[in-house]
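First the structure, in the form of structure tokens, and then the observations on it.
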Amino acid sequence: WARYSDSDTFFLDRSSVDLLGDLTAGASRLSQAGVTDLVLLAQPERPFGRTLLGGTAAMTYGALELARTIGARLVIPSSIAVFGGAEDRAGLSPDYPRQPRDDFGFAKSTAEGLAESYAKSRDISLLIARFPHLYGPGNCRPTVLINAVEQIRQNAPVILHQFRNGLPELDLLTVEDGVRALRALVRTDRSGIFHVGAGGAVVVGGRLDG
């Protein structure tokens with residue numbers, strides 16, 4: 001996704017810019033178009049294990065190189081999964097230490113660390129937007145909600161695991177709201193790390209009742 005004015009944006013695919021290949025031709029076209037911002041939406045084809053980790057790092061590096069070449073700001077959507085199992089992840093500050101626990105969290109944390117180090121050494125403007133659990137059409141996460149919806153469709157009882165301190169709680173945001181938030185951030189000239197979300201967790205059982 002690239003932006004070259006407050007209202008003009010366009011999406012890029014691998015045929016126009018290959019983040020894993022030669023960036024020369026793509027960089028030239030984007031530079032001529034006056035692109036000011038790049039948003040990294042690319043993801044590895046296999047979203048798990050070493051393929052996820054290595055692919056995410058490689059694509060992030062390619063996007064950083066592209067941003068440096070054309071002098072654009074790079075915007076990277078990330079996730080609160082970088083905090084792993086930290087308590088009250090929704091209330092954590094952006095500078096809280098990353099401590100991922102699963103493949104997705106490790107991939108996002110690696111991308112953030114790479115981007116921050118590269119941007120600092122090459123003087124690139126960088127904005128990282130950390131999102132909570134996104135739910136809605138086209139998204140297969142969070143698993144607890146997806147599984148519950150499927151059980152409801154099958155007229156089966158919904159079984160939720162209860163922890164010692166109660167039912168699972170998640171900071172939730174619809175995919176549509178996430179897109180609006182990302183567009184709003186892109187239209188600013190800010191840099192740094194920003195947390196996007198409702199600002200508090202909801203009990204999963206309560207969300208299903210609603």
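Nothing in this text is a laboratory measurement; each read-out follows from the coordinates by a stated rule. Since we're looking at a predicted model, the values are computed, not measured. Backbone-built Cβ (ideal geometry, glycine too); neighbour counts: all protein chains shown.
Reducing region 103-131 and region 41-69 to their Cα centroids gives an inter-centroid distance of 11 Å.
Model label sites at Ala25 and Asp177, defined 7 Å from Cα along the beta-carbon direction, differ in position by 4.3 nm.
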